[in-house]
Structure formats: structure tokens, C-alpha cells
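The values are calculated or read from the model by the stated rules, or taken from the named source; none is laboratory data. Since the structure is predicted, the reported quantities are computational estimates derived from the model, not experimental observations. When we count neighbours, we look across all protein chains shown, and the Cβ atoms used for this are built from the backbone with ideal geometry, even at glycine.
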Ligand SMILES: C[S@@+](CC[C@H](N)C(=O)[O-])C[C@H]1O[C@@H](n2cnc3c(N)ncnc32)[C@H](O)[C@@H]1O
């Protein structure tokens, strides 16, 4: 049999993960922050493609949370595609197709039934595959992206990774000494790297080896294998990626790390002065010398259409914000690339107050409170700090039922994998919310029909925990069983008070 892997790890599966930055809901915000027209208008149908989709969780969330979309996921690993299809079936998601194709096959047009796409995304792929495969990806984009369409590509960035090159090479060489499966080989290779570091190999960063050696879970070891053992692993400078994307007529728009689109939050004045007169691709690359970003999430557009300045404020003002954290967690102190920033009280205090009562447009928030903050700043700060998301639609009852079915399948899948973190697709938002173990359990029992009352839900959650032989971890640890029971009930009370109404407001249940 010929080797179909092209040097990419394929003997162990990549773990499931949802990445909100890949959703059109999030990518459209990047466009608005940069004053660029998103590929489609709010709520319109769109065609979406994920290249190298792994086991398909992100593409599935995009499909489940956007019933108007036509979603495609591609990967050359048959185990990934089979797993993705199974979850699509279990969750009854019918606006998605997963296909087993390599980038080369796709670029060559071997699949005759493909639509043109409004969004093409790839996460954790670009800097892990060969130069030829990157060229296939660009050829595919050139062939299948609509005019005005958007590309999201994430990659390991230089110069942030420059110290780790020798370690990656040693891990790959060390892994090559054994015939074992990749998860075993990566652990053996880490032992070797540690021994090298202790024996005086100064190019091996000791603290990085120690950190990697702490990764023990199955998912983490799968990640380590996929991160470090690929033959073509090579972190990239932004200018080179932008140069490659230019072959598909793509222009750089901005980054899916929302705060990084605000120069004053990312660089000090003397740093900004140094890059002020540079052409944009060079300036963007130069920023990485100051910010030491090891991972970039770039957004490109084929034919960037600037929103006329006189329309921009109105367009952003129409964005409707929905809180996604409980009121007592809201904060004006936010972490930004340069450290922390304090959002101004005269505007954000009343804005928080209004948002705790329900979703509001940015224009309405600005009309109700004095603001020197521009609409784009408000959008960037509240979504970038993960306290709000944009509400896209009021879901119908049928849409809620469909998304509930998908979420039940997703949570069952997470439970089978022993995960204590998962996502809930939200059809009102076009994306998903993160949920921790207790919230996952509460969702499961309510979706099964348990009345939304503290006593009934506590009883049902206890039964589920017992059935799965699982226990919740509280901080601080309860002293005895009575204390554990009280904490369980109190925490369930909080989820019922804040979590469940939020899930309803965003169309996650
Ligand atoms: C690190 S994983 C990322 C998966 C997923 N995007 C995520 O972030 O969870 C990279 C994926 O790219 C796929 N891949 C690598 N080379 C490929 C190729 N030449 N054609 C198609 N898929 C490829 C792998 O099978 C793998 O699922």
C-alpha cells in the first residue's frame, strides 16, 4: 500500500475539540472590527468548509447552530471521518457532510459535487503539513472560495517558536528510534529530551520539557504526538503565510484573537512607532517580534470590501450583545495582550446592568449611557473578554428541538470520553458555549425531561453520577458526604438560576 499520510501522524486519532474562532459568527466580528464586509449578511444561508476537520466537532457545531448553513468537513484520516459521521448521525445533524479526501484530491477537483464556499477554515493544519500540501490547500481555496469569501487559518508562528525547533527535531528523531505507536513514541522521546537536557544539551529548553512531561491524559498525549511528531512541522512567519494566500487572491483582514486587532492593547507606544510606516504585511509580522505569539489565527478575505466609514458605526451598532456569563462574574478588568485594562465605568456599569436584563444592540447601549467608546471597541471588549456573544436570531421551537438533540449527543460523547468540559451549540448565537461537568449533567437531565427544580434535578444528577461511577470535584474539597451533598445542591441551584435561563436565551436548549 502506498503511504497516504505524507508524513502526518495517523496511527492515533486526534482528540475532539470545539474552536469558537472558526465559527462564522466569530469571523464576522473580526471583519466588522476591521471595517470589512463579512461574506454574508446576518442570518443569511452560507456554505462552510473545514479542511483537516479531525473528528469534526467544530464543523458539527457550525452546522447544528446554523441550520441555514451547508457545512462540509474534509480529512484524509478515515478514522476521523467515520467518527465525525457517527456523531452527525447520533445528533441528527442533516446539513453537514464529512468526506474522506486529501488536500491534493480536493484541489484536483476529484469531488464533483462541491459547492463554492463562503467560509473555508483550517485549524491546527497549516504548519504541520508539507509545503506541497500547503500548495494544495491554496489551490483548493483558489478553486472553491467565492468572491468576498473568507479563510481562517491558524498556525504555529515565528519567531515565537524559534527556541523550540531543536526540541521538536530531537522528539521526532527520538520517536523514530522506535516502532511503537505514536502515543508511546512521543513519551519515550520526551524521556530522551529530558535526559539530553540534564546532560547539558543547551538547545533543549528544560522548563518546556518538564511542562510537556506533565501531560498525561490520553487527549494530551494524542495532542503531543500530532504537535511534535509530524515530519513537516515548521512554524511560519505571517508574511510567508500571507504570501502563500495571495496566490488565491486573499488579503489579510485581521486576527481571530479579537483584542489583538486593537494596536494600543497589543503594543507599547514605542513599539507601535517602530512599525508605523511599514507596509501592512511586514508590520503584522513585525508585531510578532514584540508579542511573541506562538500561535496565530489569521483571517483572510478574497476581495476585501471596506464598509464605508459613514456606515460602519451604524453596522456595528446593530450588533446585538447577549451575556454569556452570570451577572456576578461580570468584570470591567480584562486581560489584554499588554496586561490588564479597566473598562470605563460610566459606560460599562450601566451597559452591564442593561445586559443582565436581556440582549441589547450596541446602539441601544450607547443611547442609554454616556460613551466615548466607539461601537467597535464595545464589540471587541465584550466579546473579546468572553463575557458576551452576538445574538443572531430568535430560534424557533423546531430549531431548539434539533439543537437539543445534537447537544445531547455531544454531551453523551464527552461523557463516554470521561471529559469534564464540553460545548453546547446555541442556535441563537451560531456558535457554542463552554460547559463544565456539573452544567453538562444538569443539561443532560433537563433535556431528558427532569423538571427544572432544585430537588428533582439534584436527584437526577446524583443518579447519573452513580450510574457513571463519577464524582464532582469541588474547591475547597467538602469535609464529608453531607457537605458534598450540600455543595452539589447549592451548585445545581446556581446552574438552574443562571445557566439554564442563559441556555434558553441563546437557543441551546
Ligand atoms: C491537528 S489535527 C486538527 C484537527 C481539527 N482541525 C482540530 O483542530 O481539532 C490536523 C488534521 O489534519 C488532517 N490532515 C493532515 N494532512 C492532511 C491531508 N494531506 N489531507 C487531508 N487531511 C489532512 C489530519 O488527519 C488531522 O485530522
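For segment 31-64, a tally of residues being away from the ligand (no atom under 15 Å from the Cβ) and either touching a helix residue (DSSP H, G or I) at 6+ places or on another chain (Cβ under 7 Å) or without any contact (Cβ under 8 Å) to a residue 24 or more places away in the chain (or both) returns 9.
Specify which of the listed residues (88, 20, 84, 79) is touching a helix residue (DSSP H, G or I) at 6+ places or on another chain (Cβ under 8 Å), within 16 Å of the ligand (Cβ to nearest atom) and closer than 25 Å to residue 130 by Cα. Working first, answer last.
On the way: 88 fails: closer than 25 Å to residue 130 by Cα; 20 fails: closer than 25 Å to residue 130 by Cα; 79 fails: touching a helix residue (DSSP H, G or I) at 6+ places or on another chain (Cβ under 8 Å).
Every option except 84 fails the conditions.
Table: residues versus (1) assigned by TED's automatic domain parsing to the domain that holds residue 316; (2) in a loop (DSSP other than H, G, I, E, B); (3) within 20 Å of residue 427 (Cβ to Cβ).
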site	(1), (2), (3)
334	yes, no, no
349	yes, no, no
354	yes, no, no
363	yes, no, no
366	yes, no, no
377	yes, no, no
381	yes, no, no
386	yes, yes, yes
407	no, no, yes
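Here residue 418 meets the list (1) at pLDDT below 95; (2) closer than 30 Å to residue 287 by Cβ; (3) assigned to a loop (DSSP other than H, G, I, E, B) almost entirely, failing just condition (2).
Filter segment 451-489 for residues that are surrounded by 13 or more Cβ atoms within 10 Å (Cβ to Cβ) and within 31 Å of the chain's Cα centre (by Cα) and give the result. Once the filter is applied, which keeps residues that are surrounded by 13 or more Cβ atoms within 10 Å (Cβ to Cβ) and within 31 Å of the chain's Cα centre (by Cα), segment 451-489 yields 452, 457, 461, 464, 465, 470, 472, 474, 488. Which of the residues that make up segment 47-78 are buried (at least 24 other Cβ atoms within 10 Å of the Cβ) and closer than 20 Å to residue 396 by Cα? 60, 61, 62, 63, 64, 65, 66 - these are the residues of segment 47-78 that are buried (at least 24 other Cβ atoms within 10 Å of the Cβ) and closer than 20 Å to residue 396 by Cα. Would a scan of segment 30-45 turn up a residue that is under 18 Å from residue 74 (Cβ atoms), in contact with a strand residue (DSSP E or B) (Cβ under 6 Å, 6 or more places away or on another chain) and surrounded by 24 or more Cβ atoms within 10 Å (Cβ to Cβ)? Taking every residue of segment 30-45 in turn, none turns out to be under 18 Å from residue 74 (Cβ atoms), in contact with a strand residue (DSSP E or B) (Cβ under 6 Å, 6 or more places away or on another chain) and surrounded by 24 or more Cβ atoms within 10 Å (Cβ to Cβ).
Taken over segment 91-121, the criterion of being within 12 Å of the ligand (Cβ to nearest atom) and touching a residue at least 60 places away in the same chain (Cβ under 8 Å) is satisfied by 102, 121. If you check 107, 157, which single one turns out to be more than 15 Å from residue 53 (Cβ to Cβ), buried (at least 16 other Cβ atoms within 10 Å of the Cβ) and in contact with a strand residue (DSSP E or B) (Cβ under 8 Å, 6 or more places away or on another chain)? Every option except 157 fails the conditions. Among the residues of segment 122-146, the ones that are near the ligand (Cβ under 8 Å from one of its atoms) and in contact with a strand residue (DSSP E or B) (Cβ under 6 Å, 6 or more places away or on another chain) come to 2 in all.
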